[in-house]
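Enquirer: I have a structure here, written as structure tokens, and I will follow up with some questions on it.
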Amino acid sequence: MYKSACSFSLLFFCLCLPACYDSNSTYSSGLVESSFRNVTMDSCTVNITSVLIDSLETSGKGLALIGQYRHPLWGTVRASGYVAYERPAYDTEAEATVVLDSCMLSLSYSGNFVGDTTQVQQFNVYKLADKIILNDNGYLYNNSSFPYDAAPLGTCSFRPKPRSGEKLEIRLPDELGRNLLDRFHSRDEAVSADRFPDYFKGIVVMPDEAVSQSLLTFSVSDSSAIIVLYYHVSEEVKREKTLIFSPNTETQFNRIEHDRTGTLMDGYPLKQVEIPSRALDGRGVLFGGTGWYTRLEFPHLNNIMQHGEQVNIESALLKIYPEPGTYSDFNPLPDSIFLYIADENNVVTDAVTDYLGSEVQSGVLVRDYAFESNTYYYFDVTDFMQEELGTIGMYKHNLQLVFSSDDYTGTVRNLTFSDQSGRSPIVLQLTYKIYESY
């Protein structure tokens, strides 16, 4: 853990300075007079540490992440989609003469993206050299990979239209299409139900590193990420037909690489790393796909107990300000972020729920388009702070600021925000009641 050090005198001054008081409430019980006062403060210390999840499950999500995005602070994220295929049924008569017209990879946009979609993007398609096999636990991860042939099967340059509803179609070699069609037409044992996964192991679609400026998501289903053989039967009247290879949605996965060269994260390990905000110029980071989340700690919360005989927290509001310049139309702010409660070993014990205690509370985004510095997410953390007040040692908890599991495994949404030394510092606003007797 990394904790900010500050002197007791400065801390006590800061705790007392930004306070608002109501008029004293007094009453008599015969011999003892009592007084209550409410105090509001927004200078409670919040320690911020960015933590990298060891690995993220990306198989079986029904999404292919493909492309490249260069973040203004945190380096380049590159994603490749690995797809194996199911054996299709083939019913054209064996005595017929079949002619291939084209072999196409068809991808349907799912709508999510980051990066400049006005720029030309380039994808390269490679044939896998090994069969995709799930790990013993039934998953593949963002750091999984399988070998592929050096020469691409196909290349496609295009301008992305992620929310157009259109399909992206990539022409694959006629040689590949003819080979598959001929074997199915001749009922070759190599493409039988048992042997087809070993004969055609699948493809990987990768961004061209020199060209690609955006990272896109595509559906993986019976109608997307499919390979289609367009062919016809030679007769007096030509019969046009298709042979569709649907993706194996269970084994499809995405490899996501994060190149941190030249950034403040450069030099840190690629796994099992925690970076305090002071090492990131006073910042905390969340990043989907790569697995960054942020731990929030409140080391001096108990100091407010010194303000009176009894102190009770009435309300606690946490405000998190995205750093201007780290988001844009090409990298929009996340719709939702979440808080979870963790123990001293960073094991999640509970969620920060809504006021009914029934649903996980998501951060509410307050957007100011005129003044970016006034844009923030806020959480009501009253219940957590009430429970945390007075705890020490192994009984203390921290909060983990995270995305949803779908955002971590199916997007590269990201959020950069400031600690209390930054331009738009994080704020914990406490209102508490002090009881004193005379």
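Enquirer: If you keep only loop residues by DSSP, which chymotrypsin sites (Phe, Trp or Tyr not before Pro) in the range 347-399 have at most 13 other Cβ atoms within 10 Å of their Cβ? Don't skip to the answer; put the middle values down first.
Expert: Numbers: sites: TYR355, TYR369, PHE371, TYR376, TYR377, TYR378, PHE379, PHE384, TYR395; in loops: TYR355, TYR369, PHE371.
Passing sites in the range 347-399 are TYR355, TYR369, PHE371.
Enquirer: Which whole number in µm²/s is D for the range 29-91 by Stokes-Einstein, with the Kirkwood Rh taken over Cα pairs at 20 °C and 1.002 mPa s?
Expert: Values: Rh = 19.5 Å.
The diffusion coefficient I find is 110 µm²/s.
Enquirer: Which value at 222 nm does the chain reach when only helices count, each DSSP H run of 4 or more adding -39,500 (n - 2.57), with the total divided by all residues and rounded to the nearest 500 deg cm²/dmol?
Expert: So the helix-based figure for the chain works out to -2500 deg cm²/dmol.
Enquirer: Find out how many positive minus negative residues lie around ARG283, taking Lys and Arg as positive, Asp and Glu as negative, among other residues whose Cβ is under 10 Å from that of ARG283.
Expert: Details: positive: ARG278; negative: ASP281, GLU323, ASP419.
Local charge sum for ARG283: -2.
Enquirer: Here's a follow-up. Which of the trypsin sites (Lys or Arg not before Pro) found in the range 246-282 are in a DSSP loop and have at most 12 neighbouring Cβ atoms, other than their own, within 10 Å?
Expert: On the way: sites: ARG255, ARG260, LYS271, ARG278; in loops: ARG260, LYS271.
Loop-located and lightly packed - LYS271.
Enquirer: Want the number for ASP368 to GLN306: 0.36 nm per residue separation, take away the alpha-carbon distance, what's left? Could the numbers behind the result be given before it?
Expert: On the way: separation 62, 0.36 × 62 = 22.32 nm, distance 3.76 nm.
Contour length minus the Cα-Cα distance gives 18.6 nm.
Enquirer: Turning to a different aspect of this structure: Which one, SER224, SER186, SER80, has the greatest fluctuation when you compute a Gaussian network model over the chain with C-alpha springs under 10 angstrom?
Expert: SER186
Enquirer: Among 88-97, 244-253, what's the highest-first ranking by average C-beta atoms within 10 angstrom per residue? Show your work: numbers first, answer last.
Expert: On the way: 88-97: 11.3, 244-253: 20.2.
Order by mean packing, descending: 244-253, 88-97.
Enquirer: Continuing with this model, one more query. Calculate how steeply helix 174-185 sits against the longest principal axis of the alpha-carbon atoms of the chain, using the helix alpha-carbon long axis, and give the answer as 0 to 90 degrees to the nearest 10.
Expert: That helix lies at roughly 70 degrees to the long axis.
Enquirer: Let me ask another. Near ALA190, within a Cβ-to-Cβ distance under 15 Å, what is the net charge of the other residues, with Lys and Arg +1 and Asp and Glu -1? Don't jump to the answer; show the numbers that get you there.
Expert: Details: positive: ARG87, LYS131, ARG178, ARG183, ARG187, ARG195, LYS201; negative: ASP182, ASP188, GLU189, ASP194, ASP198.
So the surrounding residues net to +2.
Enquirer: On the Cα set of the range 330-438, report Rg and Dmax in Å, please.
Expert: Expressed in Å, the Cα Rg and Dmax of the range 330-438 come to 16.3, 61.
Enquirer: Counting only heavy atoms of the protein chains, get the accessible area per residue of the range 262-388 (1.4 Å probe) and round it to a whole Å² value. Please list the in-between numbers first.
Expert: Working: 6010 Å² over 127 residues.
It amounts to 47 Å² per residue over the range 262-388.
Enquirer: Are there trypsin sites (Lys or Arg not before Pro) in the range 97-200 that DSSP puts in a loop and that have at most 14 other Cβ atoms within 10 Å, and which ones?
Expert: Values: sites: LYS127, LYS131, ARG163, LYS167, ARG171, ARG178, ARG183, ARG187, ARG195; in loops: LYS131, ARG163, ARG187, ARG195.
Listed in order of number, the matching sites are LYS131, ARG163, ARG187, ARG195.
Enquirer: Here's a follow-up. Using 7 Å Cα-to-Cβ label points, what is the SER102/ASP406 separation (nm, one decimal)?
Expert: Between SER102 and ASP406, the simple spin-label model gives 3.3 nm.
Enquirer: What FRET efficiency would be calculated for the residue pair SER223, ASP130, taking the C-beta separation as r and a Förster radius of 22 Å, to the nearest 0.05? Each step should come with its number before you reach the end.
Expert: Values: r = 27 Å, r/R0 = 1.23.
Efficiency at R0 = 22 Å is approximately 0.25.
Enquirer: Another question, then. With viscosity set to 1.306 mPa s at 10 °C, what whole-number translational diffusion coefficient in µm²/s follows for the range 49-157 from Stokes-Einstein and a Kirkwood radius over Cα pairs? Mind showing how you got there, number by number?
Expert: Values: Rh = 17.6 Å.
This corresponds to a translational diffusion coefficient of 90 µm²/s.
Enquirer: A follow-up question, please. Among GLY308, GLY363, GLY202, which one moves the most in a GNM of the chain with springs linking Cα atoms closer than 10 Å?
Expert: GLY308
Enquirer: Turning to a different aspect of this structure: Just to be sure I understand, if you calculate Kirkwood radius over Cα pairs in Å for this structure, which of (i) 25.1; (ii) 22.6; (iii) 23.5 do you get?
Expert: Checking each listed value against the structure points to (i).
Enquirer: Taking all protein chains as present, what is the carbon and sulfur share of the accessible area of the chain, in % to the nearest whole number, probe 1.4 Å?
Expert: Working: 9830 of 20440 Å².
Carbon-and-sulfur percentage of accessible area, whole number: 48.
Enquirer: Something else about it: Identify which of GLU240, GLU323, GLU257 has the largest mean-square fluctuation in a Gaussian network model of the chain, with springs joining Cα atoms closer than 10 Å.
Expert: Of GLU240, GLU323, GLU257, the Gaussian network model singles out GLU240 as fluctuating most.
Enquirer: How much length would be gained if the chain were fully extended between VAL360 and VAL273, taking 0.36 nm per residue of separation minus their Cα-Cα distance, in nm to one decimal? Present the calculation step by step, with values, prior to reporting the outcome.
Expert: On the way: separation 87, 0.36 × 87 = 31.32 nm, distance 2.68 nm.
Between VAL360 and VAL273, full extension yields 28.6 nm more.
Enquirer: Moving on to the next point. Cα to Cα, under 29 Å, and not fewer than 8 places away if on the same chain: which lysines meet these conditions relative to LYS131?
Expert: Reachable lysines: LYS61, LYS167, LYS201, LYS241, LYS271.
Enquirer: Along the charge dipole of the chain, pointing to its positive end and built from +1/-1 on Cβ of Lys, Arg, Asp and Glu, which listed residue (TYR85, LEU264, HIS300) has its Cα farthest out?
Expert: LEU264
Enquirer: Counting only C-alpha contacts under 8 Å and six or more residues apart, can you give the relative contact order of the chain as a whole percent?
Expert: Working: 1054 pairs, mean separation 114.4, N = 438.
Relative contact order here is 26 percent.
Enquirer: Still on this structure, please answer the following. Would you mind calculating the gained length between SER157 and MET394 on full extension (0.36 nm times residue separation, minus the Cα-Cα distance), in nm to one decimal? Could the numbers behind the result be given before it?
Expert: Values: separation 237, 0.36 × 237 = 85.32 nm, distance 5.60 nm.
Here the segment from SER157 to MET394 would lengthen by 79.7 nm.
Enquirer: Order ASP406, ASP266, most accessible first, counting only protein heavy atoms with a 1.4 angstrom probe.
Expert: Descending order: ASP406, ASP266.
Enquirer: Still on this structure, please answer the following. Would you tally the net charge around PHE330, using a Cβ to Cβ cut-off of less than 15 Å, leaving PHE330 out, and scoring K and R as +1, D and E as -1?
Expert: Details: positive: ARG70, ARG159, LYS161, ARG163, ARG413; negative: ASP116, ASP329.
Around PHE330, the surrounding residues sum to +3.
The values are calculated or read from the model by the stated rules, or taken from the named source; none is laboratory data. Every value quoted in this text rests on a predicted model; they were computed, and no experiment measured them. Counting neighbours? That spans all protein chains shown, and the Cβs are built from the backbone with ideal geometry, glycine included. All accessible areas refer to the heavy atoms of the entire protein, side chains included, with ligands and DNA or RNA removed. Shrake-Rupley method; radii C 1.70, N 1.55, O 1.52, S 1.80 Å.
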